[in-house]
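A short worksheet on the structure shown next.
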Amino acid sequence: MHTLHPKLQDWLSGFNHQTAQKLAAGYKATAIGAREALADITRQMVAPGPAVAWVNEDLIPGREYSVPVRIYHPQPEQALPVLVFFHGGGHVAGGVGVYDGICRRLAAASRHIVVSAEYRLAPENPYPAGLKDAFAVAKGVFGALEARRLPCRKQLSLAGDSAGGALCASLAGKAQYDASLDIARQVLIYPCVDYTLTLPSIEENGEGHFLTKARTAWYFDSYFQHAEDRRQASPLYWEFSARLPATLVISAGFDPLRDEALRYADKLRAAGVETESLHWPDMLHAFLNMESLAPDICAETYRRIGEFLNRD
């Protein structure tokens, strides 16, 4: 029987106590609270990222919305491949600023140009607004880089954690039938690929392990506001073919989303897709946002991401 990492356990005990106190005092889930909580945890436990040679912001136009992005180019004199990153936060929270340190680490580890997308969030912008923004960024990123006269290689990979992983997997799934979107590789970090909340780890880890079943259900209710078929929206249940990109799936043993990540990797392998798994049995969901509690594991995760993205 695996056990939670000791430092995470100590922190989690305090977090659960504070959560119980807030609920007893009348706390109600709102987008404000969700956004502030993720930002505060990340700010407290992820130190400012390494220096990146060229960091600037831009807009990538879409049909409905011009998506703000932050571009991290670790070697602006060289044409590097591109990694578009979609942050987590249940489609409700997170943002480019919150994930700045994480994106700097990704740029340093991967030697890719990292483009972090400020896609629209629910409940103000429900499904499929964020997904449309993800498509706009993936399809428009090379044009944006060329407009800035930044040297780049025409090789696109995707990465995302949690809900950002859902956006990556959705883009990859759609790209099977879209010749205009060529995705070389994708990195799914404890991804949300099943909106049905039916797999065993949802119950096993759904209470007292940071991300709860109730909080996940609230995120999904905020995102899906028009009686959409949530199974149909879940990349886990789409067609899996050899046209999907090579994929690294990163999962955590105490994550409610653990089983969908593992099952997604299994389906990729069955379809003949190059698939690598990195499973941390003693970790929680969102452990990259808790780096100071498990720095060695986070460092190894970034190293493995960089290794995977640069594999021939």
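Do you know which of the residues in the stretch 181-196 that are aliphatic (A, V, I, L, M) and assigned to a strand (DSSP E or B) is surrounded by the most Cβ atoms within 10 Å (Cβ to Cβ)?
Checked the stretch 181-196; the qualifying residue surrounded by the most Cβ atoms within 10 Å (Cβ to Cβ) is V187.
Can you pull out the residues in the stretch 86-130 that are β-branched (V, I, T) and farther than 17 Å from M290 by Cβ? Even if it seems obvious, please write down each step before you answer.
In the first step, residues of the stretch 86-130 are kept if they are β-branched (V, I, T); the result is 92, 96, 98, 102, 113-115.
Residues satisfying the conditions are V92, V96, I113, V114, V115.
Against the conditions (1) touching a Leu at 6+ places or on another chain (Cβ under 7 Å); (2) part of a helix (DSSP H, G or I); (3) free of Cβ contacts under 8 Å to residues at least 60 places away in the same chain, where does D259 fall short? Just the number, please.
(3)
When residues of the stretch 201-242 are filtered for being closer than 23 Å to T275 by Cβ, surrounded by fewer than 14 Cβ atoms within 10 Å (Cβ to Cβ) and either without any contact (Cβ under 8 Å) to a residue 60 or more places away in the chain or polar (S, T, N, Q) (or both), how many remain?
So the count comes out to 3.
Looking at this structure, is D58 surrounded by 11 or more Cβ atoms within 10 Å (Cβ to Cβ) and touching a strand residue (DSSP E or B) at 6+ places or on another chain (Cβ under 7 Å)? Steps first, please.
Working: surrounded by 11 or more Cβ atoms within 10 Å (Cβ to Cβ): yes; touching a strand residue (DSSP E or B) at 6+ places or on another chain (Cβ under 7 Å): yes.
The answer is yes for D58.
Any idea which residue in the stretch 122-134 is nearest to the chain's Cα centre (by Cα), counting only those that are over 26 Å from V52 (Cα atoms) and buried (at least 22 other Cβ atoms within 10 Å of the Cβ)? Let's see the steps before the verdict.
Residues of the stretch 122-134 that are over 26 Å from V52 (Cα atoms), as a first pass: 122-132.
Remaining after also requiring buried (at least 22 other Cβ atoms within 10 Å of the Cβ): 122, 130.
On the way: A122: 16, G130: 13 Å.
The residue in question is G130.
Restricting to the stretch 202-243, and then to whatever is of a type in the set (S, T, N, Q) and farther than 25 Å from L38 by Cβ, can you tell me which residue is farthest from the chain's Cα centre (by Cα)? If you could, list the steps in order and put the result at the bottom.
Filtering the stretch 202-243 down to residues of a type in the set (S, T, N, Q) leaves 205, 212, 216, 222, 225, 232, 234, 241.
Those left that are additionally farther than 25 Å from L38 by Cβ: 232, 241.
Details: Q232: 20, S241: 22 Å.
Among them, the one singled out is S241.
Exactly one of (1) more than 16 Å from the chain's Cα centre (by Cα); (2) free of Cβ contacts under 8 Å to residues at least 40 places away in the same chain is unmet by V96. Its number?
Tallying (1) more than 16 Å from the chain's Cα centre (by Cα); (2) free of Cβ contacts under 8 Å to residues at least 40 places away in the same chain, V96 fails exactly one: (1).
Please determine, by comparing only the residues of the stretch 105-121 that are within 25 Å of G62 (Cα to Cα) and of a type in the set (D, E, K, R), which one is surrounded by the most Cβ atoms within 10 Å (Cβ to Cβ).
E118
Bear in mind that the values in this text are calculations on the coordinates, not laboratory data. Fair warning: this is a prediction, and the values are worked out from it, not measured in the lab. Cβ: placed from backbone, ideal geometry, glycine included. Neighbour counts: every protein chain shown.
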